[in-house]
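**Student:** If you scroll down you'll find the structure; I have some questions about it.
The values are calculated or read from the model by the stated rules, or taken from the named source; none is laboratory data. Here the structure is a predicted model, which means the values were calculated and not measured. Cβ placement follows ideal geometry from the backbone for every residue including glycine, while neighbour counts extend to all protein chains displayed.
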Amino acid sequence: MRVCSMREVVKRYKKVVALNRFNFEINEGEIVGLLGPNGSGKSTAINCLLGLLSFDEGEVEVFGRRVSPDDMDTKQRIGFVPQDLSFFAELSVTDNIRYFAGLYEQNNAKRDEMVREAIAFVGLEKYAKFAAKKLSGGLKRRLNIACGIAHRPEFIMFDEPTVAVDAQSRNFILEGIKEMNRNGSTILYTTHYLEEAQELCDRIVIMDEGRNMASGTLEELIDLVDPTEAVHLFLTDPSDAALRMIAEIPGVVDVSEENGKTVIMLTPPGQHLSTLLEELKRHEIYYTSLYSELPTLNDVFLKLTGKALRD
Amino acid sequence: MKRFFSHVALNVKMSLKDKGSLFWSFIYPILLLTLMAVAFSGLQAGQKPIAVAVESGHPFAGALQQIDILDVQNVRGDEALNLLRDKDVDGIFRADCTLLVRGEGMNETILREIGSELKKAGSVYAAGRSLDFTKQYVERGDQKEGMLYVTLSSSLGMFALYGYFAGISIVHHIQANLSPLAARLSTTPISRLSYVSAGLVSGVAMSSLQTIGLLFYLKWVWKVDYLADPWRTLLLVLAAGFFGIAVGLFIGASNRWPLKAKVPLGISLMLLLSAASGMMGPPLRLFIEKNLPWLNRYNPVNMISRTIYRLNVLESTKEFSENVVIFFVAGVFLCIASLLFMRKRQFKSL
């Protein structure tokens, strides 16, 4: 079942085109990542899906209904975790979550159960009575998430929830999102961190300048570029003869040497490393250290947009 | 209804847990009133009687002699003029019942008030009624208690409008294009009308509580009784609190200025209105009442201050009903206008 879709959506801010005939969709049970640099249109897309922003052209649907800011039934089924910390700083963790959960659930017993679950889910049990403003940055992020997911929504939108978060909290958040997905929630996750999209998402949509540059699974996206695996070696004797011999090994498409480091390009990636190592041993070519780099989303992004994702 | 009460509870909790808000709502007003009470009660204690000359043959010479704040010299006409010229007196009550004063100032204003009351008394006397000169004339001119009462009541008028800050805060919680929190709340099935109504109820309650607290503080600590007519005073405070919040809602909803601009705007406006009402001392108030009388007639701080004073010091209900109705009607109008501004739920930009 399709949870949401955007078709040919155009959104302009005066002369700036934030969404340029943007298309994408999410099916039930998926974790879809919207990946793009700052200013690529990710938050604009989410705000159009939430009905907060008007758009100039196109169609936006959530749960098969055209998005409307007055559609309370749809609002009841979705959750939103914004990029900015958005809760009541003076209130305690529990009071904040209780208030947000209470906007969806009026039965006190059910609501309190939701609050307990949400607090446990984000690991804030020890801080339940703390005023939100007294929490550390990472814990505030967790509270920000708890306020958006306490009512057990079917579809949750996360807008860069890990910005400025320490590694420990980031892992906690990503694990939590996977858990929510296992419990049945469909997830839309925007980020400009490649690693998060790679680790978390079933499907990734690459955005740039308001356009959908490509979408698919990680493997499908990597197949879009010339896929090569780069093996970096520090040879004990980087002679021309040795380099010529390496170039003859099956799977090797290029060999180069710079500042004592030899870079060997293999294709297809992930299949020839063991053969390469066996051949080096057989030809008595020795090395002091080695590491391998598989193609990443950044390579895909570079190929599609002509710039690195973090530019 | 349940959600309405949860919004009310939220607002009350936030007000009580926000130390900044508590300071500005409760501690700061007490500090300011204390400073003013100390400063102006000292001035009042040292206030000298007003020197006046009364020409021989003045029909109310005896009555003028009985007024405490006057230092009367009964003299002949030419002597009186000399005294005025030499600045030994601030005014002359002439035998023909006219008043001659030296210039503009607090003392001259008081003398003018007395002079005008004497004229009225003269008419009554002509009609054959009996007169009591022992107390009324200076009181009627709102001058008996001098600077202390004027500054304290003006300050109370200002604090009664502090609901303004609650008003702008309500809008910044619910209008998606004004804050991230409002954007988030707008994605939930929240009812705006319920949220705004709850904000109004809790805001009026908190604002009134604050003003009533100040009234008790003045009564118990400084023996300034602005609670002689408690029920009318409470009604006035409620109406003023409602008006203050409605102004906040209107300023909050009618533009996209950040809170950082709207808060100082409110503070500046209230200080200006309070100064016009006499918070910085009566001279500015007297100047405005002479040159721009309409300004202070509809200056909300002055309306509150004047009505509190009249109700509790002069035991007069003059303008009370009119002012309460004005606050209520203006508040309702501003609330409706604010809701119209807030009707938009989808924006071109956030």
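**Student:** Out of segment B:16-33, which residues are under 17 Å from the mean Cα position of the chain (by Cα) and surrounded by fewer than 18 Cβ atoms within 10 Å (Cβ to Cβ)?
**Tutor:** B:30, B:32
**Student:** Moving on. I'm checking my understanding of the structure. Among residues of segment B:66-92 that are of a type in the set (S, T, N, Q) and at pLDDT 80 or above, which one is farthest from residue B:115 (Cα to Cα)?
**Tutor:** B:82
**Student:** Let me ask something additional. Need a quick list: strands (runs of 3 or more DSSP E) entirely within segment A:1-46 having at least 2 residues that are at pLDDT 90 or above and farther than 20 Å from residue A:200 by Cα.
**Tutor:** In segment A:1-46, the matching strands (runs of 3 or more DSSP E) lie at A:2-13, A:16-27.
**Student:** For residue A:124, indicate whether it is at pLDDT below 90, surrounded by 19 or more Cβ atoms within 10 Å (Cβ to Cβ) and hydrophobic (A, V, I, L, M, F, W, C).
**Tutor:** It is false that residue A:124 is at pLDDT below 90, surrounded by 19 or more Cβ atoms within 10 Å (Cβ to Cβ) and hydrophobic (A, V, I, L, M, F, W, C).
**Student:** Here's something else I'd like to know. Residue A:25 passes all but one of (1) touching a residue at least 40 places away in the same chain (Cβ under 8 Å); (2) more than 10 Å from chain B (Cβ to nearest Cβ); which number fails?
**Tutor:** The one condition residue A:25 does not meet is (1).
**Student:** If you don't mind, there's one more thing I want to ask. Within segment A:71-102, how many residues are surrounded by fewer than 18 Cβ atoms within 10 Å (Cβ to Cβ), of a type in the set (D, E, K, R) and facing another protein chain (nearest Cβ under 7 Å)?
**Tutor:** 1
**Student:** Does residue A:118 satisfy being closer than 22 Å to residue B:6 by Cβ, over 27 Å from the mean Cα position of the chain (by Cα) and either among the aromatic types (Phe, Trp, Tyr) or away from every other protein chain (no Cβ under 13 Å) (or both)?
**Tutor:** So residue A:118 fails the test.
**Student:** Checking residue B:225 against (1) touching a residue at least 12 places away in the same chain (Cβ under 8 Å); (2) surrounded by fewer than 18 Cβ atoms within 10 Å (Cβ to Cβ); (3) assigned to a helix (DSSP H, G or I); (4) within 18 Å of the chain's Cα centre (by Cα), which single condition isn't satisfied?
**Tutor:** (3)
**Student:** Kindly indicate which of A:272, A:283 is modelled with pLDDT of 85 or more and touching a helix residue (DSSP H, G or I) at 6+ places or on another chain (Cβ under 6 Å).
**Tutor:** A:283
**Student:** So which of A:131, A:146 is buried (at least 20 other Cβ atoms within 10 Å of the Cβ) and either touching a residue at least 40 places away in the same chain (Cβ under 8 Å) or farther than 29 Å from residue A:5 by Cβ (or both)?
**Tutor:** Matching residue, one of A:131, A:146: A:146.
**Student:** Being at negative phi and in contact with a Lys or Arg (Cβ under 9 Å, 6 or more places away or on another chain) narrows it down to one residue among A:189, A:193; which is it?
**Tutor:** Answer to the check: A:193.
**Student:** Separate question: Looking at segment B:4-21, I want the residues that are β-branched (Val, Ile, Thr) and have a partner that is part of a helix (DSSP H, G or I) with Cβ atoms under 8 Å, at least 6 apart or on another chain. Which pairs are those?
**Tutor:** If the second residue must be part of a helix (DSSP H, G or I), the pairs left are B:8/B:198; B:8/B:201; B:8/B:202; B:12/B:202; B:12/B:205; B:12/B:206.
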